[in-house]
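One structure below.
Please treat every number below as a calculation from the coordinates, not as lab data. Just so it is clear, the structure is predicted and the values come from calculations on it, not from any experiment. Methodologically, a virtual Cβ is constructed for each residue, glycine included, from the backbone with ideal geometry; neighbour enumeration extends over all protein chains shown.
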Amino acid sequence: MKKLRMLFLAALLLTGCSTAPAPKTDAELEAEGWVKNPEANGYIKMEDALTTASVAIDESQQLSQPEIRELALDYLRGWPLKKDEAGQTIYSYREMYQIATSYNNEPGLSSVEFVLDPQTMKLYASSEKGTEKCVHIAKNPKVVLYWYKQIPEEEYIAYKNDYFNSYGVQIKGTAKLMDPASEEAQKAAALYLETLYGAEGWAAMGEKQPAIITKLLEVNDWIEIDPTEYVVNSLQWSYNKEGSTRPEWYDPESPYFGKSVRQVYYVH
């Protein structure tokens, strides 16, 4: 009887061994969305690998937060708008951006001119009512903006600056459609209209300014971007050469030499 029980257990073990699944091959794992992670001596999901890669920051290669903030403003300063009382140039901070939105698993991408307030780092734009981006923002406030400057053809050098001297600024944050009766909407419209009319032209409107602001706030939707971070990509291109603090990428005397080309400024 004991011998019979032993034979039965042995049969069960053999059956278990024969039905155990074989280890998956690398190709099978990769087809399921897994990628090798040498540091963990195993596999991680592709989305985890991408997220890790996108947020990994070597603090030793980062500039100070005030320096990164100034770099972002230097990139996004637009054109000379006017002079202050001391004769210093005040820039428009109006640039064309790409804004990515999403709602109900449907992504959207639009080109929009935003005006940046250098005091708060918030951005403002005017848009026709009912556009895709406005509908998305009303449902899902999370957005990403990108400003990118392509290398001028006459300054392109093959294999030298085709990648290293491209540059841009990514902005992550939340967006909202502003209440046209709010004080912040009035301020945003005033900033925007001064860049539209020009400083002298807008000043010449005088007492007409409030009526113009009110009318424009009624006609269009107004978008406010409240950023959480500015990501400055590439310190290696002196775009705003006149009065710019950014050096050429190959200058070993530069304070940016050896620093990461991806600098992150945290707004809040």
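Provide the FRET efficiency to the nearest 0.05 for the residue 148-residue 228 pair, computing r from the beta carbons and using R0 = 22 Å. Working shown, then result.
Values: r = 20 Å, r/R0 = 0.90.
With a Förster radius of 22 Å, E is 0.65.
At a 10 Å Cβ-Cβ cut-off, how would you order 95, 229, fewest neighbours first? Please list the in-between numbers first.
Values: 95 20, 229 16.
The order, fewest Cβ neighbours first, is 229, 95.
Mind ranking 70-81, 98-109 by how tightly packed they are, going by the mean number of other C-beta atoms within 10 angstrom, highest first?
Working: 70-81: 18.8, 98-109: 13.8.
The packing order, highest mean first, is 70-81, 98-109.
Pull out a ≥ b ≥ c, the square roots of the eigenvalues of the alpha-carbon gyration tensor of region 193-232, then state rounded if a/c is under 1.5, prolate if not and a/b is larger than b/c, and oblate in the remaining case. Mind dumping the intermediate values first?
Working: a/c = 3.75, a/b = 1.68, b/c = 2.23.
It is oblate, given that a/c is not under 1.5 and a/b is not larger than b/c.
May I ask you to sort 172, 129 by Cβ crowding, counting other Cβ atoms within 10 Å and putting the fewest first?
On the way: 172 16, 129 10.
The most exposed by this proxy come first: 129, 172.
Arrange 139, 82 by Cβ neighbour counts within 10 Å, fewest through most, would you? Mind showing how you got there, number by number?
On the way: 139 11, 82 15.
Exposure proxy ranking, most exposed first: 139, 82.
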